[in-house]
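Every read-out reported here was derived from the displayed coordinates using simple, explicitly stated rules and does not represent laboratory data. The structure displayed is predicted, hence computed values, not measured ones. Every residue, glycine among them, receives a Cβ derived from its backbone with ideal geometry; neighbour counts consider all protein chains shown.
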Amino acid sequence: MKVEGKQNPDRSWIVPFLATLFGMMTLQMSSLGFSPLLPAIQEEFSMNYTQIGLFTGMYGLLALALSVPAGLTAKRFGEKRVLVMALFLVGLGLFMLGRAPGFYGAFAARALWIGAYRFAFVCVLTAIALTSPPSLKGSSMGFLGSVASLASVIGAPFGSKIGEAFGWRTGMTAFAWAAILGALVIWVFYRRKSGERGHASMHHTGSSPHGGQSAFRTPIVWALALLVAMVGVAAFSVTFFVPAAATTVFKMDAVGASFVISTGYFCAIFLNLLFGYLMDHYNKWIVLSSLVALLIPASFAMISENELIFRIATAVVLAGGFTATNQVYGLAGSVLSGRETGNVMGLMGLGAGLSGYVGPQMLGVLRDWTNGFSAGWYMMAIIALLTLIELLLLKRHTEKRQVEQAAKA
């Protein structure tokens with residue numbers, strides 16, 4: 001496979017790859033960047049923390065319902081068409097949220113926004129998996145994670161500054177225009193030759209090749225979907241509840257809370273690039289397990305009432321959780337290639353949906369039950385420990401399969 005790559009100097013994949021990264025940036029700016037505006041939205045519509053958990057956790061519910069259909073749609077109509085349409089609908093949902101007259105209107109607008117986001121996100125993952133060279137799967141997902149992190153670094157202060165000056169509704173409208181711009185860039189610059197790259201290879205993950213097999217009948221794909229679900233809890237939960245925790249415990253305003261989140265995603269820019277490189281050059285399971293192990297003490301450290309420790313721990317959880325999630329996507333994208341890539345990413349989205357719902361919803365419920373955030377941070381630490389155990393089991397399983405295949409050969 002490496003020989004084939006050296007014989008083919010074609011670099012036409014770079015332009016659609018960069019266009020996809022830009023689309024991801026405009027998509028992700030609002031997805032995570034709007035969280036500093038949540039306290040204002042909560043006050044506007046008189047929501048309690050359980051309702052905020054449902055409002056934010058709706059991401060997970062819709063991801064559970066729509067991830068597989070999104071993968072099937074990308075396979076049927078092509079990732080470009082679906083991505084462009086989804087980005088336009090994301091913009092429409094954001095625009096409607098910025099003009100919602102009450103809680104139910106805001107809830108419906110959020111549903112449109114996040115429903116379209118799910119289709120767009122699955123198509124972004126599909127496009128990256130199909131356009132990037134097989135030997136750079138880890139690095140390409142690292143670049144994608146870095147861009148998504150940069151979007152959050154830009155999006156959080158972008159939204160909070162506009163919200164501070166003109167109100168949170170104007171901030172949501174600005175996010176809407178960013179999504180529409182992303183759709184236009186994808187429409188103009190994204191091109192992929194049929195049968196190229198994505199149909200070409202099986203990038204070895206330590207499991208046996210599964211070429212020609214359905215994603216839905218491949219056990220390791222389901223195992224990786226569960227891994228996405230578990231490792232994603234930390235990043236989703238912290239992103240949506242740190243503003244409330246920072247305001248309640250440390251008396252920060254929206255701008256101050258946005259910089260806590262931005263610090264984590266700023267660190268994730270470099271952490272994604274570093275671990276993308278490491279995943280391509282060293283044992284993937286050991287690299288990923290080491291990263292997940294960092295989340296355990298960091299989650300416990302968020303309980304501290306020392307602001308500096310809280311900031312550092314939050315940055316580690318956000319950067320580590322987000323980076324780990326992206327690298328699991330990279331592993332999944334290399335298990336099955338070609339026409340099954342959309343279905344694989346749909347199943348990964350199913351796992352992300354589970355974490356996106358369970359994490360924020362449980363933190364919201366625990367906050368209302370205990371009148372504090374400590375129980376939620378304990379929950380994240382326990383889930384990180386279970387994630388590490390699953391990773392070690394998958395490592396053992398794949399190494400055993402390698403030995404069996406070598407013996408048969």
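Here are the numbers for this structure:
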| quantity | calculated |
| --- | --- |
| Additional length obtainable on full extension of the chain from Glu44 to Ile382, 0.36 nm per residue less Cα span | 118.3 nm |
| Nearest-0.05 FRET efficiency for Ser12 and Asp253, computed from C-beta distance (R0 45 Å) | 0.40 |
| Ranked by how many other beta carbons lie within 10 Å on average, peptides 84-93, 108-117, 242-251 from highest | 84-93, 108-117, 242-251 |
| Approximate spin-label separation Arg81-Asp368, in nm, with each point projected 7 Å along Cα-to-Cβ | 4.3 |
| Segments 276-282, 266-272, 296-302 sorted - mean Cβ within 10 Å per residue, highest first | 266-272, 296-302, 276-282 |
| Approximate spin-label separation Lys161-Phe189, in nm, with each point projected 7 Å along Cα-to-Cβ | 2.2 |
